[in-house]
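What follows is a short report on a single structure.
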Amino acid sequence: MSTPCAHCGLPVEVEAPADAPVFCCTGCATVYAALGEAGLQAFYSLRTRLGTDGGPTAPEASAERYRHFDDPAFLARFAPDGHRIELALEGVHCAACVWVVEQLPRVVPGVRRARLDFGRARVILDWDPAVVSLSAVATELHRIGYPSSPVGRAGEQALRRADRRALIRLGVTAALAGNTMLLAFALYAGADADATFGRAFEWLSLLLAIPAVTYGAWPFHRSAWAGLRLRVPHLDLPISLGLIGGFSASVIATVTGHGAVYYDSVTTLVFLLLAGRYLQQRGQRAAMNRAELLAALTPGRASRWNETAFEEVPASLLRVGDRVRVRSGESLPADGEVVLGSGHVDQRLLTGEARPVPVIPGMAVFAGTVNLGEPLEVRVTAAGQETRVGGLMQRASAEDDERAPLVALTDRLAGRFVLAVLSLAVIGGVAWALVAPDRAFTVVVSLLVVTCPCALGLATPVALAVARGQAAAAGILFRSTAAIERLAGIDRVCFDKTGTLTEGQLRVATVAGQVPPGLIGRLAAVSVHPVSRAVARFDPPAGRPLATDVQEVPGVGVRGVVDGHLVEIGAPQRLADAPLPAALADAVAAAIAAGHTPVRLRVDGADVGLAAVGDQVRPESAGAVARLQAAGVEVEILSGDHPGVVARLGAALGIPTALGGVSPEGKAAHVARGHAAMVGDGLNDAAALRAAHVGLAVHGGAEVALQVADAFLTHAAPALVAEAHAGARRALAVVRRNLLFSLGYNALFATLALAGQISPLAAAVLMPLSSLTVVGHSVLARSFPRSPSRAAGAAAGYRMGTGEGARPAPAPKSR
């Protein structure tokens with residue numbers, strides 16, 4: 001049975017009476033006795049009152065704190081499926097925390113998966129309620145140094161509390177370091193000439209250093225211990241060992257009266273490390289906040305009623321019940337209900353529907369959609385992550401079980417780097433002990449501190465997360481950062497034809513045969529396929545009952561019953577086994593020669609006509625294809641359209657491989673080979689989008705597309721596909737520069753530290769600078785352009801409601 005150490009709280013495997021203190025080492029026993037002799041036992045009660053982040057907490061207290069996590073009402077609200085929940089964590093400060101938290105399934109039976117979102121400090125837990133309770137999982141997280149709370153307002157408050165504690169810890173440590181330095185100055189000035197004064201000042205320095213090394217440096221010790229418990233070399237392990245080594249050597253020198261003391265160096269080192277860590281976390285948090293997908297899809301500010309007038313406020317301050325005004329051409333900042341005004345709203349981002357939706361007072365509207373009419377006043381019903389688009393982004397992130405290969409690689413590299421640094425410290429310490437024993441300590445501490453591989457751990461995840469946010473602002477929604485890496489490595493892009501390389505605004509050019517009016521259109525109006533919509537526009541239902549018993553087969557066509565007649569619309573070569581009549585066969589050849597798509601029309605098993613459906617090639621398609629080919633990417637067309645029509649388009653755009661008449665299954669099999677990207681419809685091309693190395697959906701709305709594809713393009717322009725590929729390559733270039741910098745930095749300063757050219761205090765200043773440099777470079781580098789290119793401009797036009805079916809929106813008014 002283990003008993004916590006009376007000083008540091010670490011478990012000690014020893015049998016002892018309940019009221020007798022036990023210690024994990026001689027150093028803890030010495031410090032405990034020194035505090036008692038000085039009458040400072042109140043230090044331990046103070047540390048307990050400071051809470052979990054101030055030092056060890058009794059397991060019983062942690063278990064009681066999370067007991068309500070098992071309450072059915074709590075689970076119904078935060079884990080509706082009963083086994084999956086997202087929790088906000090305190091204490092997440094570097095990439096190594098990801099390794100520690102994600103090892104939870106190894107130490108807690110019943111935890112299937114723990115996935116930590118490093119930037120937002122949130123963990124997605126998947127556990128088996130039959131094996132372990134959620135409160136037990138949360139208690140274990142707490143024990144290894146990561147107190148948790150449910151995501152939402154409580155998580156934001158916990159983050160603010162953690163920030164306040166960090167500032168208090170920084171201030172207390174600064175005061176302790178300053179006073180310890182004053183005592184050191186007195187000793188340097190000759191106060192130790194009198195042995196009594198010298199000893200007294202040493203003991204006073206010890207007493208001041210104790211809370212600095214325990215309370216002040218606790219975040220580093222906690223992370224190091226958590227890593228050791230889970231058999232993961234945490235990035236804070238070298239720092240913790242350096243601080244403990246310097247403090248222990250000083251304590252031994254003070255107690256025995258022989259040797260040098262380093263209390264001033266140790267306390268100042270703790271202060272500088274805390275200051276650097278605080279600055280690093282603030283910079284990192286700012287970078288990751290910029291990468292939030294929700295911020296890229298919704299406006300940052302809103303016009304809110306304040307009882308006398310509308311005022312501009314950050315959208316993050318909106319609460320349920322607030323009243324906001326949305327001008328023409330502006331995006332809605334929150335979900336709500338229209339209370340004043342009427343007009344149309346472009347909901348294409350969510351639903352993929354091209355036609356604006358009419359709205360009147362009492363109707364629901366959603367964040368991220370665009371007001372195309374007169375100003376609306378809306379009462380907020382959901383804001384932030386609680387909105388419809390916020391839930392979509394959360395699901396997209398939560399369902400992403402895949403970590404980018406580069407992130408996994410740097411995780412492994414950083415872990416091995418820690419072990420290498422520890423080995424190097426031992427070798428360097430022994431070498432310096434033989435050459436200059438008085439400098440061995442400072443060399444080892446400098447090496448352990450300056451080589452902390454935080455920058456190495458941050459190099460990839462921060463850069464990819466920032467790039468993902470930039471892409472969202474440019475109209476490219478990646479479901480995961482891993483998709484960015486995969487897109488950068490493709491060697492083929494396979495386009496569906498309709499609506500990607502062509503405008504997608506199909507129209508019926510000619511009709512051959514005797515087609516009975518009013519039958520075909522009433523079936524076509526039920527389907528969402530672009531060809532069916534073109535037929536429905538040619539033969540509108542005019543308010544008559546639509547088809548029933550409808551069956552739609554992707555790549556073949558649609559059939560249904562209209563007024564008792566079996567009506568069929570589809571591809572000539574697949575809709576029926578019976579050959580076409582000669583007259584209609586000639587019509588097929590004529591349609592293909594004109595570049596139109598032939599559509600077979602049948603009623604009650606007989607061919608009644610053939611429609612030629614035309615589409616215009618997008619003006620930017622040729623340029624986008626050439627740009628992809630110049631980047632070394634092979635471009636292909638995969639379409640279910642007639643082979644002749646597809647071949648004609650391929651020749652016009654300079655695409656050698658243009659395959660027509662391909663079934664959905666054939667598309668999936670074709671793109672599954674090699675590193676191919678599929679660009680197609682989120683509905684009709686779902687199988688191919690899933691099978692491809694990267695699936696890019698351009699129709700169907702983000703809600704549908706992100707269920708089957710790796711990314712959703714808010715506009716179908718092929719130029720946006722080329723921009724996505726170029727941006728992904730630029731993002732990986734940022735990652736490579738970050739990695740080269742962090743590795744070069746560690747190699748340079750490790751060499752200087754081993755050569756004795758860096759002091760521990762200089763090492764403490766240099767350590768956070770590397771992380772801040774990586775974060776700053778990731779934010780400032782533009783993987784996806786700030787000023788929209790032609791493709792992104794088309795996406796902007798889409799969001800302003802100028803696409804198919806939407807009337808042009810007025811210019812946004814000045815705010």
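The values are calculated or read from the model by the stated rules, or taken from the named source; none is laboratory data. Fair warning: this is a prediction, and the values are worked out from it, not measured in the lab. Note: ideal-geometry Cβ built from the backbone for every residue, glycine included; neighbour counts use all protein chains shown. For accessibility, only protein heavy atoms count, side chains too; no ligands or nucleic acids. Shrake-Rupley method; radii C 1.70, N 1.55, O 1.52, S 1.80 Å.
State the number of residues belonging to region 555-598 that are within 21 Å of ALA524 (Cβ to Cβ) and open to solvent by 60 Å² or more (accessible area, probe 1.4 Å).
7
Could you run through region 602-639 and say how many residues are free of Cβ contacts under 8 Å to residues at least 60 places away in the same chain and not basic (Lys, Arg)?
Keep residues of region 602-639 that are free of Cβ contacts under 8 Å to residues at least 60 places away in the same chain, which gives 602, 604-606, 619, 622, 626, 629-630.
Applying the additional criterion that residues be not basic (Lys, Arg) yields 604-606, 619, 622, 626, 629-630.
The qualifying residues number 8.
Evaluate region 469-479: report whether one residue or more is over 30 Å from THR657 (Cα atoms), open to solvent by 20 Å² or more (accessible area, probe 1.4 Å) and small (Gly, Ala, Ser). Let's see the steps before the verdict.
Within region 469-479, the subset over 30 Å from THR657 (Cα atoms) is 469-470, 472-473.
Imposing the further condition that a residue be open to solvent by 20 Å² or more (accessible area, probe 1.4 Å) reduces the set to 473.
Then drop every residue that is not small (Gly, Ala, Ser), which leaves 473.
So far as region 469-479 goes, yes, one or more of its residues are over 30 Å from THR657 (Cα atoms), open to solvent by 20 Å² or more (accessible area, probe 1.4 Å) and small (Gly, Ala, Ser).
Here are some residues: VAL443, VAL426. Which one is free of Cβ contacts under 8 Å to residues at least 24 places away in the same chain, among the aliphatic types (A, V, I, L, M) and in contact with a helix residue (DSSP H, G or I) (Cβ under 9 Å, 6 or more places away or on another chain)?
Details: VAL443 fails: free of Cβ contacts under 8 Å to residues at least 24 places away in the same chain.
Within the list VAL443, VAL426, the selection yields VAL426.
Look at ALA162 and say whether it is modelled with pLDDT under 85 and not in a strand (DSSP E or B). Working first, answer last.
Values: modelled with pLDDT under 85: yes; not in a strand (DSSP E or B): yes.
So ALA162 passes the test.
Of the residues that make up region 629-640, is at least one open to solvent by less than 50 Å² (accessible area, probe 1.4 Å), farther than 21 Å from ALA509 by Cβ and of a type in the set (Asp, Glu)?
yes
Need the failing condition index for THR442 against (1) over 16 Å from the mean Cα position of the chain (by Cα); (2) surrounded by 23 or more Cβ atoms within 10 Å (Cβ to Cβ); (3) of a type in the set (S, T, N, Q), just the number.
(2)
Output the number of the condition that THR751 fails; it satisfies all remaining conditions of (1) among the hydroxyl-bearing types (Ser, Thr, Tyr); (2) in contact (Cβ under 8 Å) with a residue 40 or more places away in the chain; (3) surrounded by fewer than 20 Cβ atoms within 10 Å (Cβ to Cβ).
That leaves (2) as the condition not met.
Read through the list (1) touching a residue at least 24 places away in the same chain (Cβ under 8 Å); (2) touching a Ser or Thr at 6+ places or on another chain (Cβ under 8 Å), then give the number of the only condition that VAL561 fails.
Of the numbered conditions (1) touching a residue at least 24 places away in the same chain (Cβ under 8 Å); (2) touching a Ser or Thr at 6+ places or on another chain (Cβ under 8 Å), the odd one out for VAL561 is (1).
Only one of ARG648, ARG600, ARG627 is over 18 Å from VAL493 (Cβ atoms) and part of a helix (DSSP H, G or I). Can you tell me which? Quick ask: steps written out before the conclusion?
Details: ARG600 fails: part of a helix (DSSP H, G or I); ARG627 fails: over 18 Å from VAL493 (Cβ atoms).
Sole residue among the options that is over 18 Å from VAL493 (Cβ atoms) and part of a helix (DSSP H, G or I): ARG648.
Which of (1) in contact (Cβ under 8 Å) with a residue 40 or more places away in the chain; (2) in contact with a helix residue (DSSP H, G or I) (Cβ under 6 Å, 6 or more places away or on another chain) is the odd one out, the single condition ARG323 does not satisfy?
For ARG323, the exception is condition (2).
Are any residues in region 486-507 modelled with pLDDT under 90 and among the charged types (D, E, K, R), and if so, which ones?
Of everything in region 486-507, those that are modelled with pLDDT under 90 and among the charged types (D, E, K, R) turn out to be ASP496, LYS497, GLU503, ARG507.
With the checklist (1) modelled with pLDDT of 80 or more; (2) open to solvent by less than 20 Å² (accessible area, probe 1.4 Å); (3) in a loop (DSSP other than H, G, I, E, B) in hand, flag the one item ALA806 doesn't pass.
With (1) modelled with pLDDT of 80 or more; (2) open to solvent by less than 20 Å² (accessible area, probe 1.4 Å); (3) in a loop (DSSP other than H, G, I, E, B) applied to ALA806, the lone miss is (1).
Filtering region 603-628 down to residues that are within 10 Å of PRO718 (Cβ to Cβ) and not aliphatic (A, V, I, L, M), which residue is least open to solvent (accessible area, probe 1.4 Å)?
That would be SER621.
Name the single residue, out of those in region 342-365 being at pLDDT 90 or above and not β-branched (Val, Ile, Thr), that is surrounded by the most Cβ atoms within 10 Å (Cβ to Cβ).
MET363
Mind listing whichever residues of region 491-547 are at positive phi, outside any loop (DSSP other than H, G, I, E, B) and either crowded, with 20+ Cβ neighbours inside 10 Å or of a type in the set (A, V, I, L, M) (or both)?
At the first step, the residues of region 491-547 found to be at positive phi are 499, 504, 513, 518, 542-543.
If we keep only those that are outside any loop (DSSP other than H, G, I, E, B) too, we end up with 499, 513.
The answer is GLY499, and nothing else.
Looking at region 367-386 only, could you name the residues that are at pLDDT 85 or above and assigned to a loop (DSSP other than H, G, I, E, B)? Walk me through it before giving the result.
Start the filter on region 367-386 by keeping residues that are at pLDDT 85 or above, which leaves 367, 369-371, 375-383.
ALA367, THR369, PRO375, ALA383, listed by residue number.
Checking the condition among the aliphatic types (A, V, I, L, M), surrounded by fewer than 22 Cβ atoms within 10 Å (Cβ to Cβ) and modelled with pLDDT under 80, which residue from ALA253, ALA286 passes?
Working: ALA253 fails: modelled with pLDDT under 80.
The conditions single out ALA286.
Give the residue, chosen from ALA483, ALA459, that is part of a helix (DSSP H, G or I), modelled with pLDDT under 80 and among the small types (Gly, Ala, Ser).
Numbers: ALA483 fails: modelled with pLDDT under 80.
ALA459 is the lone residue from the list that is part of a helix (DSSP H, G or I), modelled with pLDDT under 80 and among the small types (Gly, Ala, Ser).
Filter region 574-594 for residues that are more than 15 Å from GLY605 (Cα to Cα) and either in a loop (DSSP other than H, G, I, E, B) or of a type in the set (Lys, Arg) (or both) and give the result.
ALA594
With in contact with a Ser or Thr (Cβ under 6 Å, 6 or more places away or on another chain) and modelled with pLDDT under 85 as the only criterion, which of GLY190, GLY198, GLY155 stands out?
On the way: GLY190 fails: in contact with a Ser or Thr (Cβ under 6 Å, 6 or more places away or on another chain); GLY198 fails: in contact with a Ser or Thr (Cβ under 6 Å, 6 or more places away or on another chain).
On inspection, the qualifying residue turns out to be GLY155.
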